[in-house]
Amino acid sequence: MRRSVVRLISVKELRDLFRDRRTVLLIVGLPAVLYPLFGVVGLTLAKTIVAQKTAIGVVGEEHLPAESSGFPPLLKQGKFAPEFQEGGDAVVLTPVAGDPDAAVRDRSADVVLIVPPDFAKSLADGGTPVLKVLSREGDEKSKLASTRLTTALTRWADKLREARFKLKNLPKDFDKVFVLEDPLKNKPQEKIAADEIRDQFAKVFPFILMMWLLAGTIQPAVDLTAGEKERGTMETLLISPASRAEIVAGKFLATTVFAYLTVVWNVAWLTGAAMVLEWHLGFPIISLPGQFACLTLGVPLAMLFSGVCLALGVFARSTKEGQYYLLPLIFVVMPLAFFSMTPGVELGAENLWIPVTGALLLQQKFLSVAGDPVPWAYLPLVVVSHLAWAGGALGLAVWQFQRESVLFRESGHDQGFLARLFSAGGRP
């Protein structure tokens, strides 16, 4: 195989791909628009939820313990007491005089708290009175109101228990049989939020990259195979001095480079988004070894997808038919990707060789900051196994290009299963 011929074909194909405005817009322009848009939508949604006003109806407010009873009051001046407040000014307390169920149904209250008449007396006597909450099932605003009410009542219950112990001359931690020291529980809320985002980021980041990589492979592969047939330029390439293997190698190299550039572009955008979150929260989210793993493992994944897409794309007679053949590839890759996101699945000798799954599991391990040693030993094993899969896919593509019945299907009579399945009207 002559390297100069392969390089010439790959450069020519790459130049044609970058001249295709639709492909460039899809692979380069779309992430540049979507990621900032998702960030703005996410922040707007978070602010909207925080500012969302909810009406909490109260039945039997007069039955709540007064301040003179020795118990902290739940309500002050028509609002939750400041130490129990949840939601700030977005929570509106509304006395309900009529049927509480009707108030919830007609939306005059998103949730209703019902205080029984003997609540204060039972509390003072050491009993366990029951508070009832009514809400609308399946209503998001009612769920938000219920969450805010439950949070306030939980805080109030802790203070009521301390007050009851004080009235009985007992220490406020009388009910604690032991003290559990958990460093994770003592983290500030911003640190907890950053850790949650970081853990989700480690799982979702490789999946997003894989989907963009697949999108960055399908379009070029279809254009360089079925598109060549449709434009009538495949025959010109076949009668050139280049061998079939050199033609496939050139197209394979061009598709792999284009797909890998998609990975680099999306890593840059996702890293930028993570850095913005780091600046906002004040705690680290991204891992430099993880970014290195994403870029490194993007090479064998791009090669694997390129080989498979070229082998399937050359079978098609037109761009439209090529998309029919390659789009189902997404449904093959998705289970492999979802398996890597299954809770409890760890990277090991039994799964590192599985295409896509092994690479995504390793990316997750690199992106994680759980304190475990960085699994550098797995990196060459995963790379080699995926290169082997890519070599098999490339061999399949070369075999397809050697078959005249595949390259010239528009004038042949191939009666294969795929031809009968995808051809219009069942005719190959």
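The values are calculated or read from the model by the stated rules, or taken from the named source; none is laboratory data. Computed from a predicted structure; not experimentally measured. Cβ coordinates were reconstructed from backbone atoms using ideal geometry, including for glycine residues, and neighbour counts include every protein chain displayed. Accessible surface is based on the protein model in full, side chains and every heavy atom, while ligands, DNA and RNA are left aside. Shrake-Rupley method; radii C 1.70, N 1.55, O 1.52, S 1.80 Å.
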* Structure fact -> Once 280, 386, 63 are ranked on solvent-accessible area with the largest value leading and a 1.4 Å probe, the list reads 280, 63, 386
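Loop only per DSSP, at most 13 neighbouring Cβ atoms within 10 Å: give me the trypsin sites (Lys or Arg not before Pro) in the range 1-102, ordered by residue number.
Here the trypsin sites (Lys or Arg not before Pro) that fit, given the DSSP loop and packing criteria, are 2, 53.
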* Structure fact -> Taking the dipole of the chain about the Cα centre (Lys, Arg +1; Asp, Glu -1; charges at Cβ), the one of 247, 26, 387 that reaches farthest to the positive side is 247
* Once fully extended, how much extra length lies between residue 399 and residue 143, figured as 0.36 nm per residue of separation less the alpha-carbon to alpha-carbon distance? -> 86.3 nm
* To do: State to the nearest 20 debye the size of the charge dipole of the range 50-108 about its Cα centre, where the only charges are +1 on K and R beta carbons and -1 on D and E beta carbons.
  => 180
* **Angle between the chain longest axis and helix 328-340 axis [Cα atoms, degrees, rounded to 10]** => 50
* **Karplus 3J(HN,Hα) series, Hz, for the range 4-16 with 6.51 cos²θ - 1.76 cosθ + 1.60 (x for Gly, Pro)** => 4, 5, 4, 5, 4, 5, 5, 5, 4, 5, 5, 4, 5
* Asked: What is the sum of charges around residue 29, taking Lys and Arg as +1, Asp and Glu as -1, for the other residues whose C-beta is under 13 Å from the C-beta of residue 29?
  -> +1
* **Distance (nanometres) between label positions extended 7 Å along Cα→Cβ at residue 280 and residue 51** => 1.5
* Asked: Angle between the Cα long axis of helix 357-367 and the longest principal axis of the chain, 0 to 90 degrees, nearest 10?
  -> 50
* Can you give the extra length, in nm with one decimal, that the chain gains between residue 351 and residue 158 once fully stretched, where that is 0.36 nm per residue apart less the Cα-Cα distance? -> 64.7 nm
* **Per-pair calculated FRET efficiency, R0 = 56 Å: residue 288 and residue 233 via Cβ, rounded to 0.05** => 0.80
* Structure fact -> Placing each pseudo-label 7 Å from Cα in the direction of the beta carbon, residue 24 and residue 169 end up separated by a distance in nanometres of 8.6
* Asked: By how many degrees, 0 to 90 and rounded to 10, does the Cα axis of helix 378-402 deviate from the longest principal axis of the chain?
  -> 40
